[in-house]
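The values are calculated or read from the model by the stated rules, or taken from the named source; none is laboratory data. Predicted model, so just to flag it, every value in this text is computed and none were measured. Here Cβ is always computed from backbone atoms with ideal geometry, including for glycine, and neighbour counts include all displayed protein chains. Just the protein is used for accessible areas: all its heavy atoms, side chains included, with ligands, DNA and RNA removed. Shrake-Rupley method; radii C 1.70, N 1.55, O 1.52, S 1.80 Å.
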Amino acid sequence: MDKSKIHEVVLVGGSTRIPKIQKLLQDFFNGKELNNSINPDEAVAYGAAVQAAILSGVEDDGIKDVLLVDVAPLSLGIETAGGVMTKLVERNTRIPYKTGQTFTTYSDNQPGVTIQVYEGERAMTKDNNRLGLFELSGFPPAPRGVPQIEVSFDIDANGILQVSAVEKSTGRSNKITITNEKGRLSKDDIERMVADAEKHKEQDAQVRERADARNGLESYLFGLRSTVNNPDVSSKLSQADKDTVLNKCDEVMKWLDMNTLAEKDEFEEHQKELEKVCTPIMTKLHSATGGQQQGAGGSQGPTINEVD
């Protein structure tokens, strides 16, 4: 539907009191006058009463046709390398809801990870609200980027969040349950965080783009190393080609470790250099294995973020 066909814009909810939100709405709807006739506090109280009636099984003609949809008031995620907020649940996602994502280690022979759970809309965890943390340890020695940690978020109908993590090679797991009684933000805090995120939207977008570029380079690099170090696949390569790929990977890895705050363009440029050297070799390997080789130069799969 075209926005010019909207007859009236009715404001409901606490965040609609924020002048900046009102101005953005009015500008979006080409200066249309906003309807402020509904008291936000009354709307919240009415909604809470309806929700209580539905959840307690009250049978009444006034609510029999009401469809009640609850959502996550803020995005939820974990801290990954560099203090980046990696979201697993976006703000306004319908609950109950369950999702998961795979992460990996930040350093060689890392014995475990700390899973720190946050809520908020900013790109860096320091600007968001930490809900809790737990340790997952006992990993066998392995190169950086090899272990795979599956992190799952499960929100039930009451808004209770359970975060679990499993290290795939050992099956070791741990979890935390976060309720609404402790550590959660108030309604005013949520509105403040949403407004703050809007204010810093451009800055946060740059942070996320930089993090995505770094993660893309690391995923490509780890894929290359994994492929070349796989004896079933790398036997199709000459020693000279193996050395070329591994030496270039080591060179880029050293640069990554020394330039954690590099800009997006720098990460992308180093990925192009890596691809320029390694793609011809991976293409040769792909042909030699009849297209069965997966990983760098083939299908890379999902990008995997690092957890400290």
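Details
- In the set LYS242, LYS248, only one residue is in contact with a Ser or Thr (Cβ under 9 Å, 6 or more places away or on another chain), of a type in the set (Lys, Arg) and at negative phi; that residue is LYS242.
- Any chance ARG130 is under 16 Å from LYS175 (Cα atoms), out of contact with any His (no Cβ under 8 Å at 6 or more places or on another chain) and not in a helix (DSSP H, G or I): yes
- The set of residues in the range 146-157 that are assigned to a loop (DSSP other than H, G, I, E, B) and either open to solvent by less than 20 Å² (accessible area, probe 1.4 Å) or at pLDDT 90 or above (or both) comprises PRO147, GLN148, ASP156.
A quick yes/no check of all residues on (1) small (Gly, Ala, Ser); (2) surrounded by fewer than 17 Cβ atoms within 10 Å (Cβ to Cβ); (3) not in a helix (DSSP H, G or I):
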{"position": "THR102", "(1), (2), (3)": "no, yes, yes"}
{"position": "GLN110", "(1), (2), (3)": "no, no, yes"}
{"position": "VAL113", "(1), (2), (3)": "no, no, yes"}
{"position": "PRO140", "(1), (2), (3)": "no, yes, yes"}
{"position": "ARG144", "(1), (2), (3)": "no, no, yes"}
{"position": "SER169", "(1), (2), (3)": "yes, yes, yes"}
{"position": "GLU181", "(1), (2), (3)": "no, yes, yes"}
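- Here is the figure for the range 1-41: residues that are open to solvent by 70 Å² or more (accessible area, probe 1.4 Å), closer than 16 Å to ASP188 by Cα and part of a helix (DSSP H, G or I) total 4.
- Looking across the range 198-222 at every residue that is among the basic types (Lys, Arg) and open to solvent by 80 Å² or more (accessible area, probe 1.4 Å), the one that is nearest to the chain's Cα centre (by Cα) is identified as LYS201.
- Taken over the range 225-258, the criterion of being open to solvent by 50 Å² or more (accessible area, probe 1.4 Å) and in a loop (DSSP other than H, G, I, E, B) is satisfied by ASN229, ASN230, SER235, LYS236, SER238.
- Conditions (1) surrounded by 15 or more Cβ atoms within 10 Å (Cβ to Cβ); (2) in contact (Cβ under 8 Å) with a residue 24 or more places away in the chain: number failed by ILE160: (2)
- Flag for LYS276 being part of a helix (DSSP H, G or I), within 33 Å of the chain's Cα centre (by Cα), on the phi < 0 side of the Ramachandran plot and without any contact (Cβ under 8 Å) to a residue 12 or more places away in the chain: yes
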